Amino acid sequence: MRKSYVILAALCASVFVVGTCEYLIAGLLPQVGGDLGVSVGTAGQAVTAYALGVVIGGPLVTIATARLPRKGVALGLMLLFAAGSALSAWAPVFAVLLAGRVVSSLSHAAFLALALVTATQVVPAERVGRAAATVASGFTVATLLGVPLGALLGERAGWRAPFVVLTVLALAGAALLAAVLPRQAAQRTSIREELRVVTRRPVLVTIATTAVGFAGVMVVFTYIAPLLTQVTGFTAPVVSLLLLAYGAGSFAGNLAAGRLTDWSLSATVRGVFGGLVGVLVVFPVAAVWKPSAIVAVLLLGLLATATIAPLQGLILKHAGAAPTLAVSVNVGAFNLGAAAGSALGGAIVAAGGLRWTGLAGALFSLLGLALSYLAVPRGSSTAEPAAQAAPKPAPVS
């Protein structure tokens, strides 16, 4: 069991490195634009390029590596990420920076999918949900600590410095994985079987639930700072503290959801979506009074990432023995939902509806709740518990 904890810790640490890269540059756009001679708006395309690489490239890389030994794939993906980070750090022109971002993004979904599947294979069946949540917590810690610390470093030492650090950390992560990951043979399933699984109706419904549900959170969260300053009346330092509390809540909520997923997958996913509907629908009212705004932010933090463990649990259940591509596509669905939610939130804010983004988020969460009943119909034999349909470990080579 101790070895399992070491493997989970190594995977979580590697996911932290990859997760930090995704949104790090968003806080460095003025410096990037000034150094490379482009506008801030153009520099923002570095965020878009990464997201597109995750959504489109992730499944393609997963398919291309499906028949290769798992440990070798994990190391290769971390080295690919390191190469992209190094290219970004060196970039003499903006086009090279975009290329570096795309190279790094190609490892994102494929590595997280492999990490999640590997995590479920090194723990007892009754701890599958907690294992997935442990690995996914690397992303919540990246949001809580990695991104702000990287942005601070970029402000003090230049925007290239965080990418140098990420390169070093990625190489260290690869070395750690090389030391602790068990050697596993390639998957027995064929690429055709992986493709067939990802097109099953329950899998597609779960992926849609992921995208729609996370869009609901991002409609509000993307513009939560101006909401708290312009509507609630908090100062910028107080908003920073609230965002730190939000991140800590997300970390705790993700881990709690992993434990609850092992107890009841269906109840967890529906409870989280029901909670999101309730919190988001009252957000416009809560935002006008400081004490209620604080409570609303903390509750949103607890629920924001609590969808990860149960939704990945649903994917693992429906995908059976061929889960890797389905998990990779589901990772892309989180990014797609984030992009859609941010775009919708931007349109609402542009129309003067900053206070009312919560209502749009609640509608998305309500749709996610409805879709969850299609993904796991009431009384379905696949509903309880999450561990029953976990994929079997791959043979050690």
For ILE7, indicate whether it is outside the structural domain of LEU325 (by TED's automatic domain parsing), buried (at least 17 other Cβ atoms within 10 Å of the Cβ) and touching a helix residue (DSSP H, G or I) at 6+ places or on another chain (Cβ under 9 Å).
-> yes
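Could you identify the single residue in ALA172, ALA179 that is in the same structural domain as ARG130 (by TED's automatic domain parsing), surrounded by fewer than 15 Cβ atoms within 10 Å (Cβ to Cβ) and at pLDDT 90 or above?
Working: ALA172 fails: surrounded by fewer than 15 Cβ atoms within 10 Å (Cβ to Cβ).
Among ALA172, ALA179, only ALA179 is in the same structural domain as ARG130 (by TED's automatic domain parsing), surrounded by fewer than 15 Cβ atoms within 10 Å (Cβ to Cβ) and at pLDDT 90 or above.
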Quick one: would you say GLY76 is more than 21 Å from the chain's Cα centre (by Cα) and surrounded by fewer than 19 Cβ atoms within 10 Å (Cβ to Cβ)?
-> no
Considering residues of segment 88-97 that are surrounded by 20 or more Cβ atoms within 10 Å (Cβ to Cβ) and hydrophobic (A, V, I, L, M, F, W, C) only, the residue nearest to PHE111 (Cα to Cα) = LEU97
Quick one: which residue in ALA66, ALA74, ALA95, ALA113 is farther than 24 Å from LEU149 by Cα, among the small types (Gly, Ala, Ser), free of Cβ contacts under 8 Å to residues at least 12 places away in the same chain and assigned by TED's automatic domain parsing to the domain that holds LEU177?
-> ALA95
Could you please give the count of residues in segment 121-170 that are of a type in the set (Lys, Arg) and either touching a Lys or Arg at 6+ places or on another chain (Cβ under 8 Å) or more than 27 Å from PHE94 (Cα to Cα) (or both)?
-> 2
Of the candidates ALA390, ALA347, the one satisfying the condition of being within 24 Å of the chain's Cα centre (by Cα) and at pLDDT 85 or above is ALA347
Restricting attention to segment 297-314, report how many residues are in a helix (DSSP H, G or I) and buried (at least 24 other Cβ atoms within 10 Å of the Cβ).
-> 12
Pairs, first free of Cβ contacts under 8 Å to residues at least 12 places away in the same chain in segment 213-235, second in a helix (DSSP H, G or I) and among the polar types (S, T, N, Q), C-beta under 9 Å, six or more apart = THR235/THR229
ILE7 is checked against (1) modelled with pLDDT of 85 or more; (2) over 17 Å from PHE139 (Cα atoms) and fails just one. What number does that condition carry?
-> (2)
Kindly indicate whether VAL288 is farther than 30 Å from PHE111 by Cβ and not in a helix (DSSP H, G or I).
-> yes
Out of the residues in segment 143-164 that are under 18 Å from ALA82 (Cα atoms), hydrophobic (A, V, I, L, M, F, W, C) and crowded, with 18+ Cβ neighbours inside 10 Å, which is modelled with the highest pLDDT?
-> PHE163
Inspect segment 244-257 for any residue being free of Cβ contacts under 8 Å to residues at least 60 places away in the same chain, surrounded by 23 or more Cβ atoms within 10 Å (Cβ to Cβ) and more than 24 Å from VAL288 (Cβ to Cβ) and give the result as yes or no.
-> yes
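Might you let me know whether segment 28-48 holds any residue that is on the phi > 0 side of the Ramachandran plot and assigned by TED's automatic domain parsing to the domain that holds ALA131? Even if it seems obvious, please write down each step before you answer.
As a first pass, look at segment 28-48 and keep what is on the phi > 0 side of the Ramachandran plot: 37.
Add one more test, that the residue is assigned by TED's automatic domain parsing to the domain that holds ALA131, and what stays is 37.
Yes, segment 28-48 contains a residue that is on the phi > 0 side of the Ramachandran plot and assigned by TED's automatic domain parsing to the domain that holds ALA131.
Could you count how many residues in segment 23-60 are within 19 Å of ALA339 (Cβ to Cβ) and either of a type in the set (Lys, Arg) or assigned to a helix (DSSP H, G or I) (or both)? Before the answer, list the steps.
Initial filter on segment 23-60 (within 19 Å of ALA339 (Cβ to Cβ)): 23-27, 29, 40-60.
This time we only want the ones that are either of a type in the set (Lys, Arg) or assigned to a helix (DSSP H, G or I) (or both), so: 23-27, 29, 40-43, 45-60.
Result for segment 23-60: 26.
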Would a scan of segment 144-164 turn up a residue that is in the same structural domain as LEU11 (by TED's automatic domain parsing) and closer than 25 Å to VAL61 by Cα?
-> yes
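The values are calculated or read from the model by the stated rules, or taken from the named source; none is laboratory data. Quantities reported herein were computed from a predicted structural model and do not represent experimental measurements. Here the Cβ is made from the backbone with ideal geometry for all residues, glycine too, and neighbour counts use every protein chain on show.
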